[in-house]
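*Asks:* Encoded as C-alpha cells, here's the structure I'll be asking about.
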Amino acid sequence: MLGVRPGQVKAANSETSAANRLEYWGWYGGCRRGGGRTVSNPPADTPRVTPYLLYEDVDAMLDWLARAFGLREGFRMNAADGKVSHAEMRLADGLVMMGCPGPENRNPKHLGGVTQSIHVYVDDVDAHFAHAKRAGAKILAEPADQFYGDRRYAAEDPEGHQWFFAQHIRDVSEEEIKAHT
C-alpha cells in the first residue's frame with residue numbers, strides 16, 4: 001500500500017464511505033487515526049471478522065466476482081503503479097477484502113491447494129447456483145441439502161479460492177446434529 005494518496009481512491013458506494021475508511025486508516029487529510037476525533041471500531045458497516053483474499057489480478061477478480069457471484073464493489077485503492085492494491089466487495093451485510101499477494105504470500109493458484117474457504121448465505125441458493133454456473137464458475141459441488149439445515153453448493157474462482165454458498169432451509173436441533181456425526 002506504499003504510495004497511496006487520497007486521490008488514488010475510487011469508492012463505488014459513496015465518498016463518505018471512502019472518507020470514513022481513509023480516516024480510520026489514518027490516510028485522510030493528513031489526520032492520523034484518533035487525531036482528536038471519535039472513530040468507530042470497527043469502521044461503520046464493517047463486520048468484526050472479515051476474510052482477506054489474495055489475488056494476483058484484483059481488477060479482473062472484482063469484475064468476475066460481481067458477474068459470477070453477485071458481489072458488488074464497495075471500495076478500491078490503487079498503488080502508485082496503477083494496479084489495485086486493496087479492494088472490498090459486499091453481498092448484503094457481508095464484506096470480503098482483497099489485495100495482491102506479496103513475495104511472502106501466495107494464493108491457492110500457486111500453492112496448488114486450498115488455503116481457506118468462504119461460506120456465504122444467499123436468499124435463493126438454487127438461483128445463485130444457476131447464475132454462477134452460467135457465468136462460468138467452476139462448480140465443485142451441486143446444490144444439496146445438508147444434515148445441519150443448509151442447502152449448499154461449492155464453486156471455485158479463477159485464482160483457486162473456494163466459495164460455499166448456502167441457504168438455511170430448516171432449523172436443526174443439537175441432538176439431530178450430534179446423531180449425524
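*Asks:* Check ASP171, ASP126, ASP145, ASP150 and return the single one that is in contact with a His (Cβ under 6 Å, 6 or more places away or on another chain) and farther than 24 Å from GLY74 by Cα.
*Replies:* Result: ASP150 is the single residue among ASP171, ASP126, ASP145, ASP150 that is in contact with a His (Cβ under 6 Å, 6 or more places away or on another chain) and farther than 24 Å from GLY74 by Cα.
*Asks:* Would you be able to say whether some residue in segment 165-181 is touching a Leu at 6+ places or on another chain (Cβ under 6 Å) and closer than 19 Å to GLY94 by Cβ?
*Replies:* no
*Asks:* Which of the residues belonging to segment 73-100 are farther than 24 Å from ARG48 by Cβ and surrounded by fewer than 20 Cβ atoms within 10 Å (Cβ to Cβ)?
*Replies:* Within segment 73-100, ALA79, ALA80, ASP81, GLY82, LYS83, CYS100 meet the criteria.
*Asks:* Check segment 108-116 and report whether any residue there is touching a strand residue (DSSP E or B) at 6+ places or on another chain (Cβ under 6 Å) and surrounded by 15 or more Cβ atoms within 10 Å (Cβ to Cβ).
*Replies:* Looking for residues that are touching a strand residue (DSSP E or B) at 6+ places or on another chain (Cβ under 6 Å) and surrounded by 15 or more Cβ atoms within 10 Å (Cβ to Cβ), one finds none in segment 108-116, hence no.
*Asks:* Give the number of residues within segment 35-67 that are under 13 Å from the mean Cα position of the chain (by Cα) and either among the hydrophobic types (A, V, I, L, M, F, W, C) or closer than 20 Å to HIS161 by Cα (or both).
*Replies:* 14
*Asks:* Just to verify a result, which residue in segment 157-172, among those that are in a loop (DSSP other than H, G, I, E, B) and touching a helix residue (DSSP H, G or I) at 6+ places or on another chain (Cβ under 8 Å), is surrounded by the most Cβ atoms within 10 Å (Cβ to Cβ)?
*Replies:* My answer is HIS161.
*Asks:* Tell me the residue from ALA79, ALA141, ALA87 that is at pLDDT below 95 and among the hydrophobic types (A, V, I, L, M, F, W, C), please.
*Replies:* Only one candidate passes the filter, namely ALA79.
*Asks:* Could you list all residues from segment 69-91 that are in contact with a strand residue (DSSP E or B) (Cβ under 8 Å, 6 or more places away or on another chain) and either over 21 Å from ALA132 (Cβ atoms) or among the aliphatic types (A, V, I, L, M) (or both)?
*Replies:* Scanning segment 69-91 gives LEU71, PHE75, ARG76, MET77, ASN78, ALA79, VAL84, SER85, HIS86, ALA87, MET89, LEU91.
*Asks:* Could you grab me the full set of residues in segment 136-154 that are free of Cβ contacts under 8 Å to residues at least 40 places away in the same chain and among the aliphatic types (A, V, I, L, M)?
*Replies:* ILE139, LEU140, ALA141, ALA144, ALA154 - these are the residues of segment 136-154 that are free of Cβ contacts under 8 Å to residues at least 40 places away in the same chain and among the aliphatic types (A, V, I, L, M).
*Asks:* Cβ-Cβ distance below 6 Å, separation of 6 or more or different chains: which pairs start in segment 42-66 with a residue that is over 18 Å from ILE118 (Cβ atoms) and end on one that is in a loop (DSSP other than H, G, I, E, B) and not hydroxyl-bearing (Ser, Thr, Tyr)?
*Replies:* PRO42/ARG48
The values are calculated or read from the model by the stated rules, or taken from the named source; none is laboratory data. The shown structure was predicted, so the numbers you read here are calculated from the model rather than taken from an experiment. Cβ sites come from the backbone with ideal geometry, for glycine too, and all protein chains shown count toward neighbours.
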